[in-house]
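A quick write-up on the structure given underneath.
What follows is calculated from the coordinates using simple rules that are stated; it is not laboratory data. The structure displayed is predicted, hence computed values, not measured ones. Positions of Cβ are generated from backbone atoms using ideal geometry, with glycine treated the same way; all protein chains shown enter the neighbour counts.
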Amino acid sequence: MGGKGYTIERTFQFSKEIIWEAWTDRDSFATWFGTDKVKMKDVKLDVKVGGNWKGTMVMPDGSETIWSGVYREVRKPDKLVMDLTDEQPPGDFETYTLTLKGQGTTTQMSLSQTGGHLSDEEYQRAKAGTQSFMDSMEAKVLPLLKARHDAM
């Protein structure tokens, strides 16, 4: 069960502090956790060990999926471990493990989803979806956060 999942390795030309903020700021998270066609609403993040997170994904056809989970490890700005599920009531959780390494404006990101609750085909779809989330984060969220940091 626990060995199944996927890992995405990616290099961003942004500091790990900015990437961390994209994961832990409610408005930023709501922008990238989805795509241009999928919107998030009612996002709540309590980023601390044992804190809960929740958000409603609104699909293009108007259907909704509620995502929720618990933060398991929070080491700003290097590591974030959070459970996630789209089952209601929450049932089997998957786990995202985010690790950020880098200095200055280059950051190596490793993001794994594990849990063993999905088939191989479902993990491939989840990986493709998560890669599109990371594309959205890089294109839409990280430049805005960098501009905000540069203005400070």
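A straight line joining the Cα centroids of region 68-89 and region 23-52 runs 11 Å.
So, counting K/R as plus one and D/E as minus one, what does the shell of residues with Cβ under 13 Å around D27 add up to? After counting each charged neighbour, the total is +3. Ranking of M137, M57 by neighbouring Cβ atoms within 10 Å, starting from the fewest: M57, M137.
Can you give the convex hull volume of the alpha carbon atoms of region 5-151 per residue, in Å³?
Once divided by residue count, the hull of region 5-151 is 105 Å³.
Of the trypsin sites (Lys or Arg not before Pro) in region 72-115, which ones lie in a loop per DSSP and count no more than 12 other C-beta atoms within 10 Å?
Here no trypsin sites (Lys or Arg not before Pro) fit, given the DSSP loop and packing criteria.
Listed by chain and number, the lysines placed with their C-alpha closer than 26 angstrom to that of K16 are K39, K41, K44, K48, K54, K76, K79, K101, K127, K140, K146; residues fewer than eight positions away on the same chain are left out.
Taking the chain as the reference, fit the longest principal axis to its C-alpha atoms, fit the long axis of helix 142-151 to the helix C-alpha atoms, and give the angle between the two in degrees, 0 to 90, nearest 10. Rounded to the nearest ten degrees, it is 30.
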